[in-house]
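Asks: Handing you this structure, nothing more for now.
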Amino acid sequence: MTKSALQIARASYEPKIPEGLRGNVKIEEGASTESVRDQEEIRKLFPNTYGMPIVKFVHAAGKPGVDQPVNVGVILSGGQAPGGHNVIAGIYDGIKRLHADSRLYGFILGPAGLINHEYKELTGDIIDEYRNTGGFDIIGSGRTKLETKEQFDKGLEILKKLNIQALVIIGGDDSNTNACVLAEYYKSIGAGVQVIGCPKTIDGDLKNEQIETSFGFDTACKVYSELIGNIQRDCNSARKYWHFIKVMGRSASHIALECALQTHPNVCIVSEEVEAKNLSLDDVVDYIASVVAKRADEGLNFGTVIIPEGLIEFIPAMKKLIQELNDFLAHNADEFNIIRRSQQREYVIGKLSEANSKIYASLPERVAQQLTLDRDPHGNVQVSMIQTEELLAEMVGKRLKKWAQEGKYNGKFATVHHFFGYEGRCAAPSNYDADYCYSLGYTASLLIVSGKTGYMSSVRNTTASASQWVAGGIPITMMMNMERRHGEMKPVIQKALVDLQGAPFQYIKSVRDKWAIETDYVYPGPIQYFGPSEVCDQPSKTLQLEKQG
Ligand code: FBP
């Protein structure tokens with residue numbers, strides 16, 4: 001592998017870890033726990049892993065070590081997030097320190113590797129190549145869902161063959177839900193394999209009272225914020241474009257919100273607010289157009305709009321339209337497929353209910369086409385493929401034209417579109433993510449030697465300096481509730497959407513009218529890996545505001 005200068009310098013970075021993890025440690029157990037909701041149902045579904053205590057690791061006298069080697073398997077599940085390699089390095093260093101003959105095996109390309117028995121041993125040389133690097137390429141990742149008994153049993157065959165005593169699943173809410181189901185199953189059959197989860201996703205929606213943040217969010221947001229800042233400086237220099245910038249985040253708007261906190265755009269849409277206020281697409285367009293018009297009155301024909309990736313599905317009326325389209329096209333695929341492409345739009349307009357037909361007809365041609373033609377293998381609309389940034393720019397343009405004819409707007413409106421997503425998912429982890437991930441991995445190794453299963457590795461108090469971070473484990477059942485999935489009630493980890501009463505959103509709400517009209521852009525610049533702590537080690541603004549309450 002040819003390495004960049006930064007990669008070479010960064011390889012020797014030693015992640016900062018909580019003081020409690022230095023030297024020897026002992027475990028402290030709290031009181032028994034309950035799930036966030038639906039306690040009776042969850043207790044019944046997880047008789048062996050329900051109610052376990054929160055645990056914490058603290059410094060202890062003596063030397064670290066165990067009598068027997070600890071063999072561990074690791075899986076990277078779902079979308080990439082900066083810092084995954086450091087979780088693995090943390091696990092490796094943790095089990096090696098406890099016993100020099102311990103071994104770490106990585107399953108290839110996600111959960112499928114476990115089911116198909118594809119793995120590789122992660123030796124010290126391999127681990128050293130990947131320390132502090134972005135990406136998941138050390139073993140690859142995948143989106144296969146690990147959820148059936150057959151898959152669990154197939155996985156157990158290889159775990160037994162390799163004499164693996166614990167499996168660490170690094171993933172988002174769904175993967176950790178499945179980790180918990182797997183932990184319960186292996187315990188119920190006396191398989192002798194523990195399962196530990198680690199909170200990953202750039203989307204930032206795996207967090208709760210106990211888990212402060214998912215790893216990768218910090219770095220990804222810093223990368224997007226750098227780019228947004230650069231665009232804002234360009235935009236403030238040329239003063240001729242409105243930039244419509246969509247940022248990743250499949251459902252929650254945490255990324256959009258954090259980027260707004262870092263860069264002060266003129267507009268930041270928050271899907272959760274759109275849903276709570278029952279806004280229509282028209283309302284969102286109206287809001288953006290009114291900001292454009294107000295700035296035009298000041299002679300400012302430029303600006304930035306941040307749009308969360310998941311917006312479309314949070315607009316109640318669009319949600320209904322998508323549902324009807326999914327149903328209609330699923331039941332009438334044959335008839336639809338013989339309609340000429342040029343006539344498909346009219347055909348669909350004629351078939352939908354009155355309300356949905358009106359909305360569908362009002363959509364720009366390309367978006368209407370994306371809604372009916374670009375469908376996934378199950379026939380569903382591929383919402384993430386919809387170019388919301390273009391859709392909104394086009395609709396705002398039309399609204400402004402109308403206002404101009406009515407004498408309500410007098411400005412110039414030229415747009416540029418961007419989508420920032422994959423650009424940030426494999427960036428070299430910020431110091432925060434490098435430290436946080438390494439600590440999460442190291443903590444996972446301690447949960448394993450403490451005999452724990454069905455726990456998520458946790459590192460808390462992360463707005464303080466790393467030495468004051470608190471490492472421990474949270475029973476995954478504690479984060480669960482029952483939700484309807486594919487028509488069936490299932491136990492799942494609650495997804496954390498943006499809390500409209502929470503400090504980050506409340507802060508944005510208090511300043512957004514000012515940011516809309518004034519040009520108060522902030523230019524965060526690139527992530528810094530070396531230098532003064534206030535530049536290199538800052539946690540996300542979201543975390544800082546949440547901490548202040
Ligand atoms: P995870 O929840 O698995 O971490 O993935 C998050 C994400 O990056 C979303 O922000 C985005 O919508 C999605 O993955 C893209 O998925 P894919 O990599 O399959 O294109």
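The values are calculated or read from the model by the stated rules, or taken from the named source; none is laboratory data. Just so it is clear, the structure is predicted and the values come from calculations on it, not from any experiment. Heads up, the Cβs are rebuilt from the backbone with ideal geometry, glycines too, and the neighbour counts pull from every protein chain shown.
Asks: Here are Gly192, Gly155, Gly197, Gly204: which of them is crowded, with 24+ Cβ neighbours inside 10 Å and more than 25 Å from the chain's Cα centre (by Cα)?
Replies: Details: Gly192 fails: crowded, with 24+ Cβ neighbours inside 10 Å; Gly197 fails: more than 25 Å from the chain's Cα centre (by Cα); Gly204 fails: more than 25 Å from the chain's Cα centre (by Cα).
On inspection, the qualifying residue turns out to be Gly155.
Asks: Can I ask one more? Hey, does region 509-523 have a residue that's over 24 Å from the mean Cα position of the chain (by Cα), on the phi > 0 side of the Ramachandran plot and without any contact (Cβ under 8 Å) to a residue 24 or more places away in the chain?
Replies: Taking every residue of region 509-523 in turn, none turns out to be over 24 Å from the mean Cα position of the chain (by Cα), on the phi > 0 side of the Ramachandran plot and without any contact (Cβ under 8 Å) to a residue 24 or more places away in the chain.
Asks: Specify the residue that is surrounded by the most Cβ atoms within 10 Å (Cβ to Cβ); the eligible residues are those in region 247-277 that are polar (S, T, N, Q) and more than 15 Å from Ser540 (Cβ to Cβ).
Replies: Restricting to residues being polar (S, T, N, Q) and more than 15 Å from Ser540 (Cβ to Cβ), the top hit is Asn266.
Asks: Give just the number: which of (1) farther than 23 Å from Ile476 by Cα; (2) part of a loop (DSSP other than H, G, I, E, B); (3) touching a residue at least 40 places away in the same chain (Cβ under 8 Å) does Leu109 not satisfy?
Replies: Looking at each condition in turn, Leu109 falls short on (3).
Asks: Report, by residue number, each residue of region 388-427 that is in contact (Cβ under 8 Å) with a residue 60 or more places away in the chain and of a type in the set (S, T, N, Q).
Replies: The answer is Thr388, Asn410, Thr415.
Asks: May I ask you to list the residues in region 7-29 that are under 26 Å from the mean Cα position of the chain (by Cα) and touching a residue at least 60 places away in the same chain (Cβ under 8 Å)?
Replies: Gln7, Arg10, Ala11, Tyr13, Pro15, Lys16, Ile17, Pro18
Asks: Given the criteria more than 30 Å from Lys277 (Cα to Cα) and in a strand (DSSP E or B), does Gly525 qualify? Working first, answer last.
Replies: Numbers: more than 30 Å from Lys277 (Cα to Cα): yes; in a strand (DSSP E or B): no.
Answer is no for this residue.
Asks: Residue by residue through region 241-284, note down the ones that are among the hydroxyl-bearing types (Ser, Thr, Tyr), modelled with pLDDT under 95 and within 23 Å of Ala220 (Cβ to Cβ). Give the derivation first.
Replies: Taking region 241-284 as the starting set, the residues that turn out to be among the hydroxyl-bearing types (Ser, Thr, Tyr) are 241, 251, 253, 263, 271, 280.
Remaining after also requiring modelled with pLDDT under 95: 251, 280.
Of everything in region 241-284, just one residue is among the hydroxyl-bearing types (Ser, Thr, Tyr), modelled with pLDDT under 95 and within 23 Å of Ala220 (Cβ to Cβ), namely Ser251.
Asks: Now, a different point. In region 528-549, what residues are outside any helix (DSSP H, G or I), among the polar types (S, T, N, Q) and more than 20 Å from the chain's Cα centre (by Cα)? Steps first, please.
Replies: Filtering region 528-549 for residues outside any helix (DSSP H, G or I) gives 528-532, 537-540, 549.
Within this subset, residues satisfying the condition of being among the polar types (S, T, N, Q) are 528, 538, 540.
Once the filter is applied, which keeps residues that are outside any helix (DSSP H, G or I), among the polar types (S, T, N, Q) and more than 20 Å from the chain's Cα centre (by Cα), region 528-549 yields only Gln528.
Asks: To continue, here is another question. Out of (1) of a type in the set (A, V, I, L, M, F, W, C); (2) within 30 Å of Ser102 (Cβ to Cβ); (3) modelled with pLDDT under 95, what's the single condition that is false for Met456?
Replies: (3)
Asks: Looking only at region 39-92, count every residue that is part of a helix (DSSP H, G or I) and buried (at least 20 other Cβ atoms within 10 Å of the Cβ) and tell me the total.
Replies: 10
Asks: Just checking, which of Lys246, Lys240 is farther than 20 Å from Met479 by Cα, within 11 Å of the ligand (Cβ to nearest atom) and not in a helix (DSSP H, G or I)?
Replies: Lys246
Asks: Could you please give the count of residues in region 158-212 that are of a type in the set (S, T, N, Q), at pLDDT 95 or above, within 25 Å of Val36 (Cβ to Cβ) and away from the ligand (no atom under 13 Å from the Cβ)?
Replies: Qualifying residue count for the region: 2.
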